[in-house]
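The block underneath contains the structure these notes are about, expressed in structure tokens.
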Amino acid sequence: MPRSNDDPRARRSRAAALAAATELLTEGGPDKVTHAAVAQRAGVGRATIYRHWPDQQALLLDALANDIHPLLAFNHDPVRDQLLTQLEQLADRFNQPGAVSVIATIIERAERDEEMRRLREDMYGQVDERFAEALAADVERGELRPGVQEHARDLAAQLVGPLLFQRFMLGAQIDKDLLTKVIDTALSPWRPNP
């Protein structure tokens, strides 16, 4: 991991290098994030890059961490509305070629690397807990049946899984019709009986 430095020039060069590394990652995948490529893209010396990141793994980890966004985040508004908005944002992100590279790299390397596992956990975030709270709020409003909050993780998998499959396995772009269908299919067993 990079060293801490209060020198404004060091902070600027580090920020420029990290932005360059993130761009290279999203454009060409993890193999394109090298000290030489980052130095050239950032307009700084290679020695500067090595000072901040002594090895390529540290550089790649910081580039990946810089591009990590939680998959889902919740408040107490109606869950279906939140899901539609958030899954649209997630689909927009998945539809960008660079995001595919970032997510695929993290998933693949997390199988054997502790730091990558932490990044994967950061990406997943606190979905279980926050989603369960949002679902409980829907139960209180009578929009969903009691007990749904205990299935937050399964519901998250039912919601995000089809998007990952469409984008990563089929290479298809994700559209709003698919999102609506995925949300309604996941929530329908939990709707109150008429």
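Could you sort the peptides 80-86, 9-15 by per-residue average Cβ neighbour count (10 Å cutoff), highest mean leading?
Values: 80-86: 17.0, 9-15: 14.9.
Packing proxy ranking, top to bottom: 80-86, 9-15.
Compute the helix-to-body angle for 79-94: its Cα long axis versus the longest principal axis of the chain, expressed 0 to 90° and rounded to tens.
With both axes taken from Cα atoms, the answer is about 30 degrees.
Looking at P189, Q56, A157, which one has the Cα that reaches farthest to the positive end of the dipole of the chain (charges on Cβ: Lys, Arg +1; Asp, Glu -1)?
With unit charges placed on the Cβ atoms, the residue in question is Q56.
To make sure I understand, if each residue's beta carbon is the centre and we count other beta carbons within 10 Å, what order do W190, W53 fall in, fewest to most? Kindly include the intermediate steps, with their values, before the conclusion.
Numbers: W190 19, W53 25.
Ascending number of Cβ neighbours within 10 Å: W190, W53.
Let me check against my output: what whole-number percent is the relative contact order of the chain, with C-alpha pairs under 8 Å and at least 6 apart? It would help to have the intermediate numbers written out before the result.
On the way: 225 pairs, mean separation 39.9, N = 194.
Over the chain, the number comes to 21 percent.
So what are segment 52-102's ellipsoid semi-axes, whole angstrom, largest first, if each one is the square root of 5 times an eigenvalue of the alpha-carbon gyration tensor?
Numbers: eigenvalues 186, 35, 5 Å².
With the √(5λ) rule applied to segment 52-102, the semi-axes are 30, 13, 5 Å.
In deg cm²/dmol and to the nearest 500, what is the mean residue ellipticity at 222 nm of the chain if only DSSP H runs of at least 4 residues count, each as -39500 (n - 2.57), divided by the residue total? Don't jump to the answer; show the numbers that get you there.
Details: 10 runs with 127 residues, N = 194.
After summing the helix terms and dividing by the residues of the chain, the value is -20500 deg cm²/dmol.
Determine the dipole magnitude for the chain: charges of +1 sit on the beta-carbon of Lys and Arg, -1 on that of Asp and Glu, nothing else is charged, the reference point is the Cα centre, and the result goes in debye to the nearest 20. Walk me through the intermediate numbers first.
Working: 24 positive and 30 negative charges, 146 e Å.
I would put it at about 700 debye.
Could you line up I49, I103 from fewest to most neighbouring Cβ atoms inside 10 Å?
On the way: I49 25, I103 22.
So the residues, fewest neighbours to most, are I103, I49.
How far is helix 97-110 tilted off the main Cα axis of the chain, in degrees rounded to 10, range 0 to 90?
Result, in degrees: 90.
Given axes a ≥ b ≥ c from the Cα gyration tensor, I'd like to know whether segment 109-194 is rounded (a/c under 1.5), prolate (a/b larger than b/c) or oblate.
Working: a/c = 3.21, a/b = 1.40, b/c = 2.28.
Oblate, because a/c is 1.5 or more while a/b does not exceed b/c.
Ordered by residue, what ³J(HN,Hα) values in Hz, to whole numbers, does segment 172-183 give under the Karplus form 6.51 cos²θ - 1.76 cosθ + 1.60, where θ = phi - 60° and Gly and Pro are x?
8, 6, 9, 10, 5, 4, 4, 4, 4, 4, 4, 5
Rounded to the nearest 20 debye, what is the charge dipole size of segment 79-190 about its Cα centre when +1 sits on each Lys and Arg Cβ and -1 on each Asp and Glu Cβ?
I would put it at about 260 debye.
Just subtract the alpha-carbon distance of E121 and T180 from 0.36 nm times their residue separation and send over the number in nm, one decimal.
Numbers: separation 59, 0.36 × 59 = 21.24 nm, distance 2.64 nm.
Taking E121 through T180 to full extension adds about 18.6 nm, to one decimal.
Residue separation times 0.36 nm, minus the C-alpha to C-alpha distance between D55 and M169: what's the value? Let's see the in-between values first.
Values: separation 114, 0.36 × 114 = 41.04 nm, distance 3.19 nm.
Full extension of this stretch gives 37.9 nm more.
Label points 7 Å out from Cα along the Cβ direction at E88 and A47: separation in nm?
Taking the two extended label points, one gets 5.2 nm.
Specify the inter-centroid distance of segment 138-187 and segment 38-109, based on alpha-carbon positions, in whole Å.
22 Å
Just to be sure I follow: if Rg is taken over the C-alpha atoms of segment 13-85 and Rh is the Kirkwood radius over the same atoms, what is Rg/Rh?
On the way: Rg = 16.4 Å, Rh = 13.4 Å.
Taking Rg over the Kirkwood Rh, I get 1.22.
Using the C-alpha gyration tensor of the chain, what are the square roots of 5 times its eigenvalues, in whole angstrom, with the largest one first? It would help to have the intermediate numbers written out before the result.
Numbers: eigenvalues 300, 60, 35 Å².
After scaling each eigenvalue by five and taking roots: 39, 17, 13 Å.
Throughout, read-outs are computed from the coordinates displayed, never taken from laboratory work. Just so you know, these numbers come straight off a predicted model, no measurement behind them. Using ideal geometry, Cβ is built from the backbone for each residue, glycine included, and neighbour counts are taken over all protein chains shown.
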